[in-house]
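Enquirer: Starting off with a structure, shown below.
The values are calculated or read from the model by the stated rules, or taken from the named source; none is laboratory data. Being a predicted model, the structure only gives us computed values, none of them experimental. With ideal geometry, Cβ positions are generated from the backbone for all residues, glycine too; neighbour counts draw on all protein chains shown.
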Amino acid sequence: MRKFLFNLFTNTLRVVFGAVVVASLIILFLVFLDFSRVEPHLYPLQLIKREPYRVGEGVWLGGYFLNEEFVRFLKRHRIRTVVTLLDPDMYHERSLISEEKKVLRRHGIRVVVVPLKPFYRDPKRISRIRSIIRRGRAVYIHSYLGRVRVKYVEEAIRGE
């Protein structure tokens, strides 16, 4: 019995140590690499992003996309303002915001950053988004996957 418990303990330590090493490598990967360069190649994430969908006259919600097809989508629907819910306090999202601003400004599209924390509804920021929508121009609002933070905005829009 003692040998069994010792083996169980040592195997558990190995698993925990391995998990700490993997987590450390992921953190180093995100800190030292520009996530905006790596992000398009992370196919599992690309597959679960929510495609743009319309929730009102000129109001579109969805995930983070930054490619020529997305720019054509914005132009086709005459969207001149993109509201990003990405949070610059999160290192990997900071590089995505920077890249998005650079690319979309070249196409004459305004980018407004209204950061929302995942799983936290901030009434002040939601009201700021509402005021942007009320201006009457077509707008695309997105978070990274287009699921949690965008859902808060959708509930606020539909709740009016």
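Enquirer: Would you point out the residue of segment 33-58, among those that are surrounded by 12 or more Cβ atoms within 10 Å (Cβ to Cβ), in a loop (DSSP other than H, G, I, E, B) and at pLDDT 80 or above, that is farthest from the chain's Cα centre (by Cα)?
Expert: GLY58
Enquirer: Residue by residue through segment 134-144, note down the ones that are closer than 19 Å to LEU104 by Cα and of a type outside the set (S, T, N, Q).
Expert: If the condition is that a residue be closer than 19 Å to LEU104 by Cα and of a type outside the set (S, T, N, Q), then ARG137, ALA138, VAL139, TYR140, ILE141, HIS142, TYR144 are the ones that fit.
Enquirer: Only one of these conditions is not met by LEU30: (1) surrounded by 13 or more Cβ atoms within 10 Å (Cβ to Cβ); (2) at pLDDT 90 or above; (3) assigned to a helix (DSSP H, G or I); (4) not β-branched (Val, Ile, Thr). Which number is it?
Expert: (2) is the only condition that LEU30 fails.
Enquirer: Turning to a different aspect of this structure: Using the structure shown, decide if ARG121 is among the charged types (D, E, K, R) and in contact with a helix residue (DSSP H, G or I) (Cβ under 7 Å, 6 or more places away or on another chain).
Expert: Spelling it out, ARG121 is indeed among the charged types (D, E, K, R) and in contact with a helix residue (DSSP H, G or I) (Cβ under 7 Å, 6 or more places away or on another chain).
Enquirer: Report yes if GLU69 is assigned by TED's automatic domain parsing to the domain that holds LYS151 and either in a loop (DSSP other than H, G, I, E, B) or more than 11 Å from the chain's Cα centre (by Cα) (or both), otherwise no.
Expert: In short, yes.
Enquirer: Among the listed residues LEU145, LEU61, LEU85, LEU96, which satisfies the condition of being more than 25 Å from ILE27 (Cα to Cα), in contact (Cβ under 8 Å) with a residue 60 or more places away in the chain and within 15 Å of the chain's Cα centre (by Cα)?
Expert: LEU61
Enquirer: Here's something else I'd like to know. With the checklist (1) in contact with a Leu (Cβ under 7 Å, 6 or more places away or on another chain); (2) without any contact (Cβ under 8 Å) to a residue 12 or more places away in the chain; (3) within 24 Å of GLN46 (Cα to Cα) in hand, flag the one item LYS151 doesn't pass.
Expert: For LYS151, the exception is condition (1).
Enquirer: Pull up segment 65-84, narrow it to residues that are of a type in the set (S, T, N, Q) and touching a strand residue (DSSP E or B) at 6+ places or on another chain (Cβ under 9 Å), then point me to the one that is surrounded by the fewest Cβ atoms within 10 Å (Cβ to Cβ).
Expert: THR81
Enquirer: Identify the single condition in (1) surrounded by fewer than 19 Cβ atoms within 10 Å (Cβ to Cβ); (2) free of Cβ contacts under 8 Å to residues at least 40 places away in the same chain that LEU104 does not satisfy, given that it satisfies every other one.
Expert: Single failed check for LEU104: (1).
Enquirer: Separate question: If I ask for residues that are assigned to a loop (DSSP other than H, G, I, E, B) and out of contact with any Asp or Glu (no Cβ under 8 Å at 6 or more places or on another chain), which ones from segment 88-117 would you list?
Expert: PRO88, ASP89, MET90, HIS107, GLY108, ILE109, VAL114
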